[in-house]
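Worksheet for the structure shown next.
The values are calculated or read from the model by the stated rules, or taken from the named source; none is laboratory data. For clarity, every value in this text was computed on a predicted model and none was experimentally measured. Positions of Cβ are generated from backbone atoms using ideal geometry, with glycine treated the same way; all protein chains shown enter the neighbour counts. The protein model used for the area step is the full one, side chains on, heavy atoms only, and it has no ligands, DNA or RNA in it. Shrake-Rupley method; radii C 1.70, N 1.55, O 1.52, S 1.80 Å.
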Amino acid sequence: MTLLTTVFAAVISTVIWYKTAPKSEMQVGVLCLIYWGASLMWLADAIFAFAEQHAAVFTPAPEEMLNDLYLGLSVVALGLVIWLVILLVKDPKGVVKAALFKKKNG
Amino acid sequence: MACFLVPAAEAVITTVAEKVIASKEKASKPIEVPSDGNVLESAQKLPFSQKLKWLNTMLWGGSALLAFEHLWHGEIVPWFPFLTAASDPASAMEMLQEMGTVGVSMALLVTAAWGIMVSAASAIEKKAQKALSAEK
């Protein structure tokens with residue numbers, strides 16, 4: 001469920017990146033790469049889990065599935081927070097700098 | 001257990017490599033690429049350090065999100081030795097085995113995906129350059 005949630009986040013962010021490309025003012029490409037990186041890592045984990053547990057991997061207990069979904073959504077939220085921090089630090093539109101400059105003048 | 005440490009270690013190496021390569025790289029010749037449909041714009045070929053940055057972002061981002069998952073499952077703790085599996089020798093052995101199998105596979109899969117991305121990007125760049133030289 002965590003893998004699935006992250007893959008959905010990766011696909012959605014990639015579609016947004018494609019729609020806004022070649023402009024990269026919002027650094028959506030970074031968000032795509034973060035989600036794809038995590039998705040690939042969870043995919044490797046899932047392959048090993050499948051090799052060990054076989055079809056049981058696809059029939060998790062409802063409680064386990066809910067916990068995994070909650071984890072997946074938390075992971076997506078963390079990815080967004082990381083992206084936001086990168087965006088504000090890099091500040092490609094100069095918004096943060098402009099705000100700070102304005103404050104100094106005011 | 002601690003599988004994310006392998007891609008994180010790779011990320012450290014590739015980040016250093018990116019900085020070294022970026023400091024040695026020279027600007028490439030500009031080529032024309034389509035922008036807004038049909039209009040051709042002059043653009044420069046993406047330097048290798050920039051492509052290496054894709055791998056860094058995937059490795060760092062993926063490792064960070066996986067570290068959070070380990071924290072969620074109580075496999076990482078905020079006190080020494082930080083990894084619950086490292087507290088006893090039997091669990092530590094199991095952890096090292098998992099790092100050697102799952103962790104290495106994660107790093108290889110991400111690197112392979114990046115390799116495909118770089119190959120595709122190089123093919124597109126070569127195609128654009130070929131079209132440009134054919135026009136001339």
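Quick grid of which residues meet (1) away from every other protein chain (no Cβ under 11 Å); (2) in a helix (DSSP H, G or I); (3) under 12 Å from the mean Cα position of the chain (by Cα):
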{"site": "A:Thr14", "(1), (2), (3)": "yes, yes, yes"}
{"site": "A:Leu33", "(1), (2), (3)": "no, yes, yes"}
{"site": "A:Gly37", "(1), (2), (3)": "no, yes, yes"}
{"site": "A:Trp42", "(1), (2), (3)": "no, yes, no"}
{"site": "A:Phe48", "(1), (2), (3)": "no, yes, no"}
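Taking the condition within 15 Å of the chain's Cα centre (by Cα), within 10 Å of chain B (Cβ to nearest Cβ) and not charged (D, E, K, R), does A:Leu71 pass? Before the answer, list the steps.
Numbers: within 15 Å of the chain's Cα centre (by Cα): yes; within 10 Å of chain B (Cβ to nearest Cβ): yes; not charged (D, E, K, R): yes.
Judged against the criteria, A:Leu71 is a match.
Go through region B:48-136 and tell me which helices (runs of 4 or more DSSP H), entirely inside it, have 3 or more residues that are within 20 Å of the chain's Cα centre (by Cα) and under 19 Å from A:Leu3 (Cα atoms).
On the way: elements: B:48-72, B:89-98, B:104-135.
Fully inside region B:48-136 and qualifying: B:48-72, B:104-135.
For region B:77-99: of the residues being under 24 Å from A:Ala44 (Cα atoms) and among the hydroxyl-bearing types (Ser, Thr, Tyr), which is most open to solvent (accessible area, probe 1.4 Å)?
If we take residues in region B:77-99 being under 24 Å from A:Ala44 (Cα atoms) and among the hydroxyl-bearing types (Ser, Thr, Tyr), then B:Thr84 is most open to solvent (accessible area, probe 1.4 Å).
Give me the pairs, please: first residue somewhere in region A:79-93 and touching a residue at least 24 places away in the same chain (Cβ under 8 Å), second residue anywhere and surrounded by 11 or more Cβ atoms within 10 Å (Cβ to Cβ) and aromatic (Phe, Trp, Tyr), beta-carbon distance under 8 Å, and either six or more positions apart or on two chains.
Here the result reads A:Gly79/A:Tyr35, each pair linking region A:79-93 to a residue that is surrounded by 11 or more Cβ atoms within 10 Å (Cβ to Cβ) and aromatic (Phe, Trp, Tyr).
Please work out which residue is farthest from A:Cys32 (Cα to Cα), limiting yourself to region B:117-136 and to residues that are open to solvent by 60 Å² or more (accessible area, probe 1.4 Å) and among the charged types (D, E, K, R).
The extreme case among them is B:Lys136.
Suppose we keep only residues that are among the polar types (S, T, N, Q) and in a helix (DSSP H, G or I) within region A:50-80. Which one would you say is modelled with the lowest pLDDT? Give the derivation first.
Going through region A:50-80, the residues among the polar types (S, T, N, Q) turn out to be A:53, A:59, A:67, A:74.
Checking the rest, the ones that are also in a helix (DSSP H, G or I) come to A:53, A:67, A:74.
Numbers: A:Gln53: 88, A:Asn67: 93, A:Ser74: 97.
The residue in question is A:Gln53.
How many residues does region B:59-112 hold that are of a type in the set (Asp, Glu) and touching a Ser or Thr at 6+ places or on another chain (Cβ under 9 Å)?
Pass one, region B:59-112, residues of a type in the set (Asp, Glu): B:69, B:75, B:88, B:94, B:98.
When the remaining residues are screened for being touching a Ser or Thr at 6+ places or on another chain (Cβ under 9 Å), the result is B:69, B:75.
Number satisfying all stated conditions: 2.
In this structure, does B:Ser49 turn out to be away from every other protein chain (no Cβ under 14 Å), open to solvent by less than 30 Å² (accessible area, probe 1.4 Å), in contact (Cβ under 8 Å) with a residue 12 or more places away in the chain and of a type outside the set (A, V, I, L, M)? Steps first, answer last, please.
Working: away from every other protein chain (no Cβ under 14 Å): yes; open to solvent by less than 30 Å² (accessible area, probe 1.4 Å): yes; in contact (Cβ under 8 Å) with a residue 12 or more places away in the chain: yes; of a type outside the set (A, V, I, L, M): yes.
Criteria met by B:Ser49.
Only residues that are among the charged types (D, E, K, R) and in contact (Cβ under 8 Å) with a residue 24 or more places away in the chain: list them for region A:49-78, please. Before the answer, list the steps.
Initial filter on region A:49-78 (among the charged types (D, E, K, R)): A:52, A:63-64, A:68.
Of everything in region A:49-78, just one residue is among the charged types (D, E, K, R) and in contact (Cβ under 8 Å) with a residue 24 or more places away in the chain, namely A:Asp68.
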